[in-house]
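Take a look at the structure below.
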Amino acid sequence: MNKKKKKSKASSFLVQGTILAAAGILVRIIGMVYRIPLTNTIGEKGMGVYSTAFSIYNILLMISSYSLPLAVSRLVAARLSVGQYRNARRVFLGAIGFATISGVIGCAVTYFGADFFAGTLMGMPEASFAIKTLAPTILIMAFLGVFRGYFQGHSTMIPTAVSQVAEQIINAGISVLAGWLLFRMGTAKDTPGNEFFGPSYGAAGGTIGTGAGALTALLFCILVFVLFRRVERIQCRKDQHRRLESYSHVAKVLVLTIVPVLVSTTVYQISTLVDQAIYAAYLDADYTAIWGVYSSKYNLLVHVPVAIASSLASSIIPALSGAVAKKNRTEVVYKTGTAIRFNMVIAFPSMMGLTVLAAPIMNLLFSGNNDSAAKMMTVGSTAVLFYSLSTITNSILQGIGSIWIPVKNALISLALHVILLAVLLWGFKLDIYGVVYANIFFALCMCILNNLSIKRILHYRQEVLKTFAAPLFSSVVMGICTYLAYRLVYQLAGVNWLAVLVAVIVAVVVYVVILLLTKGLDEVDLMSFPKGRTMIAVFRRLHLLR
């Protein structure tokens, strides 16, 4: 009984991670759905401007506050695991102060530096208006990050999940409406042969929804926090620890935690901005349309399954931090292996599905000519696998306290990535596909370096057959069956959406069956997953488990 209880507690982060992953997938789906009418409204050039503005915004957001949820959740979880409830609250209050300072600075830099970032740095002055529109969102996101991190530190992802969905729903509605209205205003100011204001205003309209969505999520989190105050007061009264951390100490710990996470995350994510700058220098021409295809079609779909890795990463950091604070190495190793295995069970079939259904999915989601986007997905779908693995291993290292190691690994990977990108563009003339290949290589380098670091620190080697071999084999079989199912249904019915739907159903069924038959998943693994008992009962009735 105690063993089962311990097992359940050790794997509870999977349940929380799955909640956040489900919300993350829903958010990505909403994101894809609203970008379809937005793309059709402001065009591929407008989406290129929109993506450029977001590239700048994302970098400045990372520098100012992106690492706050991770840092707060890690520090809060470490204190809660040993019963220091009052110190956990002090971490929250100190983080609010930090968010105020960093958010205001980030907002100011974004607004007043918009012309430089868009025109001088990116060679796309049309993006300046959209960047300025995004400036207030940085301050909102700083506060939102603290609240989300505080809830995650309490091992609950529900407030974060609900706020993310609410944020995206408001974002979608306002972005499409504002994009349509402002695009019309901008187009009216354009002259024949000079499309400047239409894409610029349309992209800015799309970014208005981002701020409105973030504000909605912040108000929701504040409401949840107010409702949670009673529970928090009871916890603080039970706190038997006499030593209270000073706010200066909290500030110091926050900075020491945030800085390496910030640098690591920035380097990890800055590759897109570096790619765009290098690609602009290589092409030396108007590249907004092809970059819009790359960023708003290929990259958008790649990061849907990667959202699962990101969600699990958010849940494993406080889980590992708590285990490290209690000096429970067994729990640390178990959670590390479980997180990686769960990620690979999702990443392999996602990669294979996007490979064999690249063109059908692109044509289902986006209007116009999708040949380039489909080809990018066919040759670049392995990015799903490597980004998923590198994301979760990054968080494992941060969770166990080795927060500077991902920084070093990211810097090495980025340097090699830039060299390879230059060779692929100027040497092999691969154009936009050079960017696709270089990004895959960057994520692969991160995977290798992170796994070597985890092995060295924890004296741990990830099990290979169940984690990698079985999901890979099952995905290959699934891919063949999925492709054949799509071709058969499409030839018989001639309807793309129906053929995709049937192919996806076939993919899920075939993958699960093959994975169970090859022992890629067994009862012990399923018990770690959400609704594990229910799945075991169903699979037993189908004679897939013995």
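The values are calculated or read from the model by the stated rules, or taken from the named source; none is laboratory data. Bear in mind the structure is a predicted one, so any value in this text is a computation, not a measurement. Cβ placement follows ideal geometry from the backbone for every residue including glycine, while neighbour counts extend to all protein chains displayed. The area values use the complete protein model at the heavy-atom level, side chains included, leaving out ligands, DNA and RNA. Shrake-Rupley method; radii C 1.70, N 1.55, O 1.52, S 1.80 Å.
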>> From the list Val224, Val293, Val263, Val255, exactly one residue is in a helix (DSSP H, G or I) and in contact with a Leu (Cβ under 9 Å, 6 or more places away or on another chain). Which is it?
In response: Val263
>> I need the full set of residues from the range 392-412 which are crowded, with 24+ Cβ neighbours inside 10 Å and either small (Gly, Ala, Ser) or within 19 Å of Tyr298 (Cα to Cα) (or both), in order please.
In response: Ser395, Gly399, Ala410
> Which members of the range 442-475 meet the condition of being under 27 Å from Ile514 (Cβ atoms) and surrounded by fewer than 13 Cβ atoms within 10 Å (Cβ to Cβ)?
Replying inline: Arg461, Glu463, Val464, Leu465
> Do you know which residues across the range 138-187 are closer than 15 Å to Ile19 by Cα, of a type in the set (Val, Ile, Thr) and either over 18 Å from the mean Cα position of the chain (by Cα) or not in a helix (DSSP H, G or I) (or both)?
Replying inline: Thr156
> Given the conditions (1) over 19 Å from the mean Cα position of the chain (by Cα); (2) within 27 Å of Lys519 (Cβ to Cβ), which single one is not true for Met362?
Replying inline: (2)
> For the subset of the range 422-439 comprising residues that are in contact with a Gly (Cβ under 8 Å, 6 or more places away or on another chain) and farther than 14 Å from Ala383 by Cβ, which member is surrounded by the most Cβ atoms within 10 Å (Cβ to Cβ)?
Replying inline: Leu425
>> Tell me yes or no: at least one residue of the range 194-204 is open to solvent by 70 Å² or more (accessible area, probe 1.4 Å), more than 22 Å from Leu60 (Cβ to Cβ) and not in a loop (DSSP other than H, G, I, E, B).
In response: yes
> In the list Tyr247, Tyr282, which residue meets the criterion of being open to solvent by 50 Å² or more (accessible area, probe 1.4 Å), in contact with a helix residue (DSSP H, G or I) (Cβ under 6 Å, 6 or more places away or on another chain), at pLDDT 80 or above and not small (Gly, Ala, Ser)?
Replying inline: Tyr247
> Just one of the numbered conditions (1) crowded, with 22+ Cβ neighbours inside 10 Å; (2) outside any helix (DSSP H, G or I) is not true of Ala323; which one?
Replying inline: (2)
>> Restricting to the range 82-103, count the residues that are over 17 Å from Arg229 (Cβ atoms), of a type in the set (Gly, Ala, Ser) and crowded, with 20+ Cβ neighbours inside 10 Å.
In response: 4
> Can you find even one residue in the range 484-505 that is open to solvent by less than 40 Å² (accessible area, probe 1.4 Å), within 21 Å of Phe539 (Cα to Cα) and of a type outside the set (A, V, I, L, M, F, W, C)?
Replying inline: no
>> Please return the ranges of helices (runs of 4 or more DSSP H) entirely within the range 440-546 where 3 or more residues are of a type in the set (D, E, K, R) and farther than 18 Å from Arg341 by Cα.
In response: 532-541
